[in-house]
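Have a look at the structure below before the remarks.
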Amino acid sequence: MRFRHILRADQFDRHTLDRLYALTNRIRKKRGTRDGALWLRAQFPHRRAILYFLQSSSRTWGSFVAAAQNLGMDTLDIRDPRVSSEVKGEASLDSIRTFSSYADVIIMRVNDKGLAAKAAEHMDSAGRPIPIINGGSGPDEHPTQACLDDYTLRRSFKERGGIDGKTIALVGDLKRGRTVRSLARFMQHYTGVKLLLVSPPPFAMEKDVLDFLQEHEIRYAVTDNFDQAVAEADAVYMTRIQDEHDTRGESAGVDFSKFCFTERHLKILKPHSIVMHPLPRREELSVSCDKDPRVMIWRQERNGMHVRTALLLRVLREQEMEKRWGGPLPKHIQDQLWLLDSA
């Protein structure tokens, strides 16, 4: 995989994920010492990341800022559309082209589900070697969240044979939840996985994802029986109502109370199963459950910074080497960029 842009979950193959998580583990270890943390901060002190976040965000934005700072980078935020020239009618691609003059990488979080891909194509056609990273695109994709979720699953199941053969329940607003859409696609990299797609019928998983699961022979079941899914699952992935995407108040007419994880469900959950949530949460995962060690939400959240540090490191290394090489890198050079001390 060429690490020019990070746009979609289906860009990643199993081999790339293996290498990404190995690099993440080495970064975690490196940051655990003062000398290691200083070494990381010396990698890209001459580089700047622009965070073009026109959708509300605290965790994704914060973890990307922390990831950039881990590598010594400067950051510039564009978070309020009211201070952007887009309120004057400027096209989004013109804004992004302008940002490319100020930064070495652009991390985007926008409502338009196709804008990140359009921006990447625009950069390439303009001859601008500026990577685009999709930090969340409307109700469509969230590839870096899928990476950290997959990494969390792997670490949680390390002593139980990994993700292969596990049953994973995706719960909540599956129709508009970009995290579950991206994570579902990642299951193509494992064998014997079964997905339980748990939601109120009006907010069931979209057909494009179901078609993807069928095409890749990933077993799944669509259900609204939350208790049964909790009892069966090895991992329960909770999500909130995505009511910011309502156009006609659709969420108000649906009873989501049947899809809330409470202390009662801890008694149903298997002893070695885990509970995850991409955050932010509402009542769908009770705070009273946090004390149970099977609830992994804070470990999951911390993993985001480490995985995104690894992604940024790898993207920027490829950018630097392509400038030296004068174009796309041969495979043996790409392979070297996964070694932590290769820069």
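Where a number appears in this text, it was derived from the coordinates with a stated rule and is not lab data. Everything quoted here is computed from the prediction, not taken from an experiment. In this analysis, Cβ positions are derived from the backbone assuming ideal geometry, glycine residues included, and neighbour counts consider all displayed protein chains.
Some observations on this one:
- Peptides ranked, highest mean first, by Cβ atoms within 10 Å: ranges 325-338, 199-212: 199-212, 325-338
- Taking amide H as placed 1.01 Å from N in the peptide plane, the amide H of residue 275 sits under 5 Å from that of 236, 295, 296, each at least 5 places away or on another chain.
- Amide H contacts of residue 194: 166, 167, 168, each under 5 Å away and 5 or more positions distant or on a separate chain (H built 1.01 Å from N in the peptide plane; Pro and chain starts excluded).
- Prolate/oblate/rounded label for segment 143-299 (Cα gyration tensor, a/c 1.5): oblate
- Percent antiparallel among DSSP beta bridges (both partners in the chain, rounded to 5): 5
- Using the average count of surrounding beta-carbon atoms within 10 Å as a protection proxy, the listed peptides 234-240, 219-225 rank, highest first, as 234-240, 219-225.
- Those lysines that a straight Cα-Cα span of less than 20 Å connects to residue 291, excepting residues fewer than 8 apart in one chain: 267, 270
- When each of the peptides 71-78, 302-309, 157-164 is scored by the mean number of other C-beta atoms lying within 10 Å of its residues, the order from highest to lowest reads 302-309, 71-78, 157-164.
- What the phi angles of segment 121-137 give under the Karplus curve with 6.51, -1.76 and 1.60, with θ = phi - 60°, is a coupling list of 5, 5, 4, 5, 5, 8, x, 9, x, 9, x, 10, 10, 7, x, x, 10 Hz, glycine and proline written as x.
- Here the average projected area of the convex hull drawn through the C-alpha atoms of the chain stands at 17.8 nm².
- Here segment 313-337 and segment 171-210 have alpha carbon centers that stand 34 Å from each other.
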